[in-house]
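Every number in this text was worked out from the coordinates using simple rules, so none of it is lab data. This one's a predicted model, so the numbers in the text were calculated from it and none came from an experiment. Glycine gets a Cβ as well: all are built from the backbone with ideal geometry, and neighbour counts include every protein chain shown.
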Amino acid sequence: MEDIKQGKLAKELDFVSHHVRTKLDEIKRQEVNRLRTLIKAKHDLEGGNDIAVDHQALLKQFEYLNHMNPHTFEVEDLDRLIKSATNDLENYDKDRHEEFKKYEMMKEHDRQEHLKTLDEDERKKEVDHYEEMKKKHADHPKVNHPGSQNQLKEVWEEADGLDPEDFDPKTFFNLHDTNGDGFFDEQELEALFTKELEKIYDPTNEEDDMVEMEEERLRMREHVMNEVDSNKDRLVSLNEFLVATKKKEFLEPDSWETLEQNQAYTDDEMREFEEHLALQEQDLNQKAYDLHKQREELERQQDQLNAQKIELQQVCRYIIATASELELQFDMSFNGDEIPVEHHTDNQLHFEKEAQLQAHQPAAQDAQQEHHGHLNDDLAQGVSQTHQDVAQGHHTVP
Ligand SMILES: [Ca+2]
Ligand SMILES: [Ca+2]
């Protein structure tokens, strides 16, 4: 159980959480694609242009809507679908935040558990090092407010290699609408923050945690989406973007509070988390104890079976010994000492006696029947013949 305290459990949970994250990422990718298709369809419908919406193709993508009549598949239906897709994405963000919070609490838990294993000197060293790394992480160039003119201009200049004097929001929009669908989706927005994040995070630094970097990226994207996406479809249209670039917040933004400036969890949440871990550990201990008991019981049953087996073997040996003794006694009493020969010989003797008897009887009958018409010579001959046969038979009996 010491393993659990030493962070094995943390690793297990980390694995689970990684699995969850991968699953969430896949769900998100699907949702964003779904949303993109819907917005496009809605756009085509609203535009009233000649591009007919391919209802069947749309329905195929949303198979669970098969009850809908494809002929009345209108803007309202699309709105409903968009609403459901945006809800899913919102839940995705919530899950990500929760997951991140757990990650941070587990990190702190492991740190505390590790400190417990150290002596006073080592512990002091470790705590000092931790504080130093924390300071080092917090020491970074000023981070621009996400979605502000300064931030976008930096992308324009450094990533796009363009002159900041020429900054033009419409050109910027078209440059970074990577898939060219006329909207900034979540991924396209998130890609805009890489420059800012690189100011705070370096994967080669001990003090920079890349999981935290991704959480910061998520916070930035959520913030910009909230500010700019006025119709709340989780996509930023060119129009929404242009409106935002005229706002005061775009031109004179507040400073951006980075992730490390606020603890991800409250003290209460940490307490609850510790309690939860303790319960899990208790549960695991109980399971280990139960398994130990089960093993003992199985061993006991095995011993019992072995003892029964030995007993049975003894009984078998006794039965066999008794049986052969009985057989011997039976043979002795049934056959007696008169014919101390084998059964084979006995049978032979019985057969000989019978053969003699049978051979004599028909001879006597013949003699009576032939009495009237046959000569005494014949009779004598016949009797003598039978005698010879019997004598021969006697010798050929196996
Ligand atoms: Ca796009
Ligand atoms: Ca929008």
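In terms of other Cβ atoms within 10 Å, R96, R221, R29 run from fewest to most in the order R29, R96, R221. When each of W256, W156 is scored by the number of other beta-carbon atoms lying within 10 Å, the sequence from fewest to most is W256, W156. The trypsin sites (Lys or Arg not before Pro) found in the range 226-265 that occupy coil by DSSP, while having at most 11 further C-beta atoms within 10 Å, are K246. Per residue, the average separation of C-alpha pairs within less than 8 Å and at least 6 apart gives the range 137-264 a relative contact order of 35 percent.
When you filter the GluC sites (Glu not before Pro) in the range 217-282 for DSSP loop state and at most 11 other Cβ atoms inside 10 Å of their Cβ, you are left with E257. Placing a pseudo-label 7 Å from each Cα along the Cα-to-Cβ vector at V211 and D121 gives an inter-label distance of 3.3 nm.
The trypsin sites (Lys or Arg not before Pro) of the range 114-202 meeting both criteria, a DSSP state outside H, G, I, E and B (loop) and at most 15 other C-beta atoms within 10 angstrom of the site's C-beta, are K142.
Reported to the nearest whole Å, the Cα centre-to-centre distance from the range 252-291 to the range 102-163 is 19. Residue separation of Q304 and K287 scaled by 0.36 nm, minus their Cα-Cα distance, works out to 3.6 nm of gained length. Footprinting exposure proxy ranking of I39, I319, fewest other C-beta atoms within 10 angstrom first, gives I319, I39.
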